[in-house]
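Here the structure is laid out as structure tokens; the discussion comes afterwards.
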Amino acid sequence: MVHCSCALFRKYGNFVDNLRLFTRGGSGGMGYPRLGGEGGKGGDVWVVAHKKMTLKQLKDKYPQKRFVAGEGANSRLSALKGSKGKDCEIPVPVGISVTDENGKIIGELDKEKDRILVAEGGLGGKFLTNFLPLKGQKRIIHLDLKLIADVGLVGFPNAGKSSLLSQISHAKPAVADYAFTTLKPELGKIMYKDFKQVDVFGFQLSAKTQYRTAFETIILLTKELELYKEELQTKPALLAVNKMDLPGAQNKFHVLMNQLQNPKDFLHLFEKHMIPERTVEFQHIIPISAVTGEGTDELKNCIRKSVDEYADQENDAYHRKQLLNLQISNTISYREPLSKNTVTSSKMDII
């Protein structure tokens, strides 16, 4: 079963999706004991999201991966309160999760200009500290890029996900005639003639391998998706019926099509707790063979069509939201306060 969904994956090669950095806030400035002057606070270290930034660019630009903020200014006769030290900003791409050395999440950067304080500067010297400054906070942080695939292959073990991934993409996962071949998540890229690229991620939701019919598989996978994350059931879905090269596959496919046309007539075959709240409606149902390649070209075309349609829907929804915000903004700007000499009427208003 093919779901056009969001899923996490890791890229390899030259691509960088995680970094370990040393950060330290600036030390505070010295106080001025004779006149009660207060030293400036040390600068802070911030992680800031930028759209056109990558972790590889960050690694290449700062190979030492060390970020230290400026020190606070000392108190002096001409400035009894010292100025704050210069902040240090770490530019990172959008979609970053920041954790500390123990794996605790400090925060996430999901949109441009989001910022997270990762190392605070030390306080300047003052009466409470005997006019001695404090050092800045030291912290080792990890930056992890939350990568998003265009398409997720959802299925039980030994369903042929790895074989299909190798057929329709450039991925070369290990394939063997037994269950649990996949030891780690696999990612592939489908390249189209117009240079459009679609990332495909394969993952399994259950380790149970007992025999089941195609219809039972669909119902149980739908239930697992519901338990895993209900939002996935709202995504566009395609159904790839694999292993059509096996004997009797055509007859089983016709039985499956009949069951999918009237799913409620067959739900009594399942235990109540295994029945999903809603059944998945598939945009396309494609019989394929990952071994012979039968139907894989049609599947790639359907994937491309579904991804493009979903992107268009998201763009339309975004533009409608922007237009609504603009209309609201214009309405508010036209609502000027009425002067004392203005004659009002209950029948007139600006909308």
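The values are calculated or read from the model by the stated rules, or taken from the named source; none is laboratory data. In this text, all values refer to a predicted model and were calculated from it rather than measured experimentally. No Cβ is skipped: glycine too gets one built from the backbone with ideal geometry, and neighbour counts run over all protein chains shown. Quick note on the areas: whole protein, heavy atoms, side chains included, nothing else; ligands and nucleic acids left out. Shrake-Rupley method; radii C 1.70, N 1.55, O 1.52, S 1.80 Å.
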Handout entry: Theoretical FRET efficiency, 1/(1+(r/R0)^6), r = Cβ-Cβ of MET191 and HIS319, R0 22 Å, to 0.05
Key = 0.15
Completion exercise
As straight-line cross-link partners of LYS264, the qualifying aspartates and glutamates (C-alpha separation under 14 Å, not fewer than 8 residues apart within one chain) are GLU216, GLU277, GLU281
Practice task
For a quick protection proxy, order the peptides 22-32, 277-287, 235-245, 153-163 by their average other-Cβ count within 10 Å, most packed first.
Solution key: 22-32, 153-163, 235-245, 277-287
Problem - Pairs beyond 31 Å (Cα-Cα), from LYS161/LYS272; LYS61/LYS305; LYS65/LYS111; LYS138/LYS189 - result: LYS61/LYS305; LYS138/LYS189
Problem - Heavy-atom accessible area order for ASP100, ASP265, largest first, 1.4 Å probe - result: ASP265, ASP100
Handout entry: ARG20, ARG139, reordered so the largest accessible area comes first (probe 1.4 Å)
Key = ARG20, ARG139
Fill in the blank from the handout: segment 18-145: antiparallel bridges as % of DSSP beta bridges, rounded to 5, reads 70 percent
Practice task
Can you check what the net charge comes to around ASP297, using other residues whose Cβ is under 14 Å from the Cβ of ASP297 (Lys, Arg +1; Asp, Glu -1)?
Solution key: +2
Problem - segment 18-145, dipole about Cα centre (Lys/Arg Cβ +1, Asp/Glu Cβ -1), debye to the nearest 20 - result: 380 debye
Problem - Separation in nanometres of the label points that stand 7 Å from Cα toward Cβ, at ARG34 and THR129 - result: 2.2 nm
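Any of LYS146/LYS193; LYS56/LYS146; LYS51/LYS86; LYS104/LYS229; LYS51/LYS146; LYS104/LYS146 with alpha carbons more than 18 Å apart? Name them for me.
LYS146/LYS193; LYS51/LYS86; LYS104/LYS229
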Completion exercise
If each K or R counts +1 and each D or E counts -1, the residues other than LYS41 whose Cβ falls under 15 Å of its Cβ total +1
Handout entry: Sequence of LEU55, LEU117 from largest to smallest accessible area, 1.4 Å probe
Key = LEU117, LEU55
Exercise for the section: Just grab the label-to-label distance for LYS229 and THR331, each label 7 Å out from Cα along the Cβ direction, in nm (one decimal). Expected result: 3.4 nm
Fill in the blank from the handout: Measure of exposure for ASP316: accessible area at 1.4 Å probe, Å² rounded to 10, is 80 Å²
Completion exercise
Cβ-Cβ cut-off under 15 Å around VAL98, Lys and Arg +1, Asp and Glu -1: the net charge is -3
Exercise for the section: Would you work out what percent of the accessible area of segment 18-145, with all protein chains in place, is carbon or sulfur (probe 1.4 Å)? Expected result: 52 percent
